[in-house]
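To start, the structure under review is shown below, and the notes come after it.
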Amino acid sequence: MPDLDQNEGVLLGANVSVAKTGLLAAVEETIAYDANTFMIYTRSNRGGKARPIEDFNRDAGLARMDEHGIVDPVVHLSYLVNLASPKADIWTYGVSVLKEEIERVSYLGFRYIVMHPGSHVGEGVDYAIGRIVEGLNTVLTGDEPLWVCLETMAGDGSKVGNSLEEIAEIIARVDHPDKLGVCIDTCHNYSFGYDIVNDFDGFLQKFDDVLGLDRLKCAHINDSKNPFGSRKDRHANIGEGTIGLDALRRIVHHPQLRGIPQILETPAGQYRDEINQLLGRTPSA
Ligand code: FE
Ligand code: FE
Ligand code: ZN
């Protein structure tokens, strides 16, 4: 018998598809998981022109969200964006996609865009941070009705934004820091070397010291295929990795994460079961 109170205020959902009917498809998938939030990509990670956002059945989708108490979805920016790139054409592409995505997400009326800070591809972290700041300053006017959330990364490749300090430095140097938030990712944080299994409180304390907890806008909830501190980014299904179900359950129910959208990005096909497990719900047919 699930304790009804234990899940009070917990927002948990998954990375869902907008294939065919757009927002409506994402919401129907979320309803099928009995989840109360979700994440989407509004454009293909393979590039090409974005599908017009007017074709996403926004109003029907929003109405279904309302009926089912689904709130505060997150939009993940395309993986192809790299504002840290030393290549002018890649940086310019990133700037234009971010600008366009802010308009698209504003049209949908959602509050959070999550983006990877970028990869320096050999130029080093200091260079990369400067480029990212330049990109954000080119795009952000301060009038955006949403937060651009920088995701904490796993330390793989030449990624930037692995440590909370790197994220803090980017935010400190942008012209409109009030438009920036942070998205943590359990797989990334654990792989990078934050021991969220044994001391999630310590991690949040550190987050508060370095960034301020009011910057924490969303969380990605993933198990990890690799050991602590491995600096590898491979997500595992919940309970099948090195983080484990117990730790992820504690994180999902942490008082500081109440009201913050928490999103599964685990290998597809098990979202409903994983959400049930995390919330301690009895699986139904
Ligand atoms: Fe991500
Ligand atoms: Fe993530
Ligand atoms: Zn990842």
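Kindly report the accessible area of the chain per residue (heavy atoms of protein chains, probe 1.4 Å, no ligands, DNA or RNA), in Å². Spell out each step's value before the answer.
On the way: 11920 Å² over 285 residues.
Solvent-accessible surface per residue comes out at 42 Å².
If you keep only loop residues by DSSP, which trypsin sites (Lys or Arg not before Pro) in the range 1-100 have at most 12 other Cβ atoms within 10 Å of their Cβ?
In loop regions of the range 1-100 (DSSP not H, G, I, E or B), the sparsely surrounded trypsin sites (Lys or Arg not before Pro) are K20, R46, K49, K87.
Which number gives the lysine pairs in the chain that have C-alpha atoms under 29 Å apart and are eight or more places apart or on different chains?
The number of close lysine pairs in the chain is 27.
Considering only DSSP states other than H, G, I, E and B, which GluC sites (Glu not before Pro) in the range 1-82 qualify as loop sites with at most 11 other Cβ atoms within 10 Å?
E8
Suppose a student asked you for the relative contact order of the chain, using Cα pairs under 8 Å spaced at least 6 residues apart; what percent would you report?
That works out to 18 percent.
Can you give me the Cα centroid spacing of the range 77-139 and the range 214-270 in angstrom?
Each part reduced to its Cα centre gives a spacing of 24 Å.
Restrict the search to the range 111-188; then list the trypsin sites (Lys or Arg not before Pro) that DSSP places in a loop and that have at most 13 other Cβ atoms within 10 Å of their Cβ.
none
As a test of the definition: which semi-axes, in Å, follow for the range 236-285 when you take the square root of five times each eigenvalue of its alpha carbon gyration tensor? Largest first, please.
The answer is 17, 14, 11 Å, longest axis first.
Report the accessible area of V139, computed with a 1.4 Å probe over the heavy atoms of all protein chains in place, in Å² rounded to the nearest 10.
Around 10 Å² of this residue is reachable by solvent.
Once neighbouring chains are kept in place and the probe is 1.4 Å, which whole percent of the accessible area of the chain is contributed by carbon and sulfur?
Summing carbon and sulfur atoms, their accessible area is 49 percent of the total for the chain.
The values are calculated or read from the model by the stated rules, or taken from the named source; none is laboratory data. What you are looking at is a predicted structure, and each value in this text was computed from that prediction instead of being measured. Counting neighbours? That spans all protein chains shown, and the Cβs are built from the backbone with ideal geometry, glycine included. When the accessible area is computed, the model is the full protein with side chains, heavy atoms only, and any ligands, DNA or RNA have been set aside. Shrake-Rupley method; radii C 1.70, N 1.55, O 1.52, S 1.80 Å.
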